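Colleague: The structure is given below, and queries will be raised subsequently.
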Amino acid sequence: MSKLVRFAADILYPAILIFGLYIVAHGHLTPGGGFQGGAVIATGVALVIVAYNYKEVVGWIGRGGLMGREVVGLLGFIGAGLLAFFFGLPFFYNVLAGQGGLFGIPVPYGPNPGELNTGGVVPLMNFSVGIEIWGGFSLVILYLLSGLLKGDEQEEGS
């Protein structure tokens, strides 16, 4: 791609990343959450792949890094569910809600004024899902493009 497209991708990717993380962080207060925020971040990865060469981008991030994000997201989500077992409560019980501290401020009556630390375990689950979707969607995009790359190589060989 041209230098202008690469420059625009370099400028837009951090903004897309921040917006995706904003959607993930505010998922328990507004429409959105881990899945939507992870999908937004993965579109930023798609933008970088389009702006730069496929082989160059795979060299930067690699499939192992994206698979690592998937594993971290999955283990974080399961860990958030198992957190309740340590307190003798059912799986995915919201043990942090209303307890004070990080993510545990009691929710006031009426509309929530936007306090991020009122969700209990839900924000932890949102971040885990966001990391999982970021890695998974990015891997899907890479595998789809690798199929196109192999098809181009076969056409050149014929």
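The values are calculated or read from the model by the stated rules, or taken from the named source; none is laboratory data. Please read these numbers as outputs of a predicted model, since none were measured by experiment. Every residue, glycine among them, receives a Cβ derived from its backbone with ideal geometry; neighbour counts consider all protein chains shown.
Colleague: Mind checking which pairs have a first residue in the range 102-131 that is touching a residue at least 24 places away in the same chain (Cβ under 8 Å) and a second that is in a helix (DSSP H, G or I) and among the basic types (K, R), Cβ under 9 Å, 6 or more apart or different chains?
Modeller: So the pair list comes out as I131/R69.
Colleague: Looking at L21, L66, which is the one that is surrounded by 14 or more Cβ atoms within 10 Å (Cβ to Cβ), farther than 19 Å from G120 by Cβ and at pLDDT below 90?
Modeller: L66
Colleague: To continue, here is another question. How do the pairs read when you match residues in the range 1-21 that are more than 16 Å from G38 (Cα to Cα) with residues anywhere that are at pLDDT below 95, using Cβ under 6 Å and keeping only pairs 6 or more apart or on different chains?
Modeller: From residues that are more than 16 Å from G38 (Cα to Cα), the pairs are M1/A51; V5/A51; R6/A51; A9/L47; A9/V48; A9/A51.
Colleague: So, one more: For the list (1) of a type in the set (A, V, I, L, M); (2) under 15 Å from the mean Cα position of the chain (by Cα); (3) more than 14 Å from I131 (Cα to Cα), I need the number of the one condition that L83 fails.
Modeller: (2)
Colleague: Here's something else I'd like to know. Please tell me if F87 is in contact with a helix residue (DSSP H, G or I) (Cβ under 7 Å, 6 or more places away or on another chain), closer than 18 Å to V122 by Cβ, free of Cβ contacts under 8 Å to residues at least 12 places away in the same chain and surrounded by fewer than 12 Cβ atoms within 10 Å (Cβ to Cβ). Step through it out loud before you land on a result.
Modeller: Numbers: in contact with a helix residue (DSSP H, G or I) (Cβ under 7 Å, 6 or more places away or on another chain): no; closer than 18 Å to V122 by Cβ: yes; free of Cβ contacts under 8 Å to residues at least 12 places away in the same chain: yes; surrounded by fewer than 12 Cβ atoms within 10 Å (Cβ to Cβ): yes.
No: the conditions fail for F87.
Colleague: Identify, please: which residue in the range 125-141 is buried (at least 20 other Cβ atoms within 10 Å of the Cβ) and of a type in the set (A, V, I, L, M) and is, among those, modelled with the lowest pLDDT?
Modeller: M125
Colleague: On to the next question. Take the conditions of a type in the set (G, A, S), touching a Phe, Trp or Tyr at 6+ places or on another chain (Cβ under 9 Å) and under 30 Å from A8 (Cα atoms) and apply them to A51. Does it pass?
Modeller: Considered against the rule, which asks whether it is of a type in the set (G, A, S), touching a Phe, Trp or Tyr at 6+ places or on another chain (Cβ under 9 Å) and under 30 Å from A8 (Cα atoms), A51 comes out as yes.
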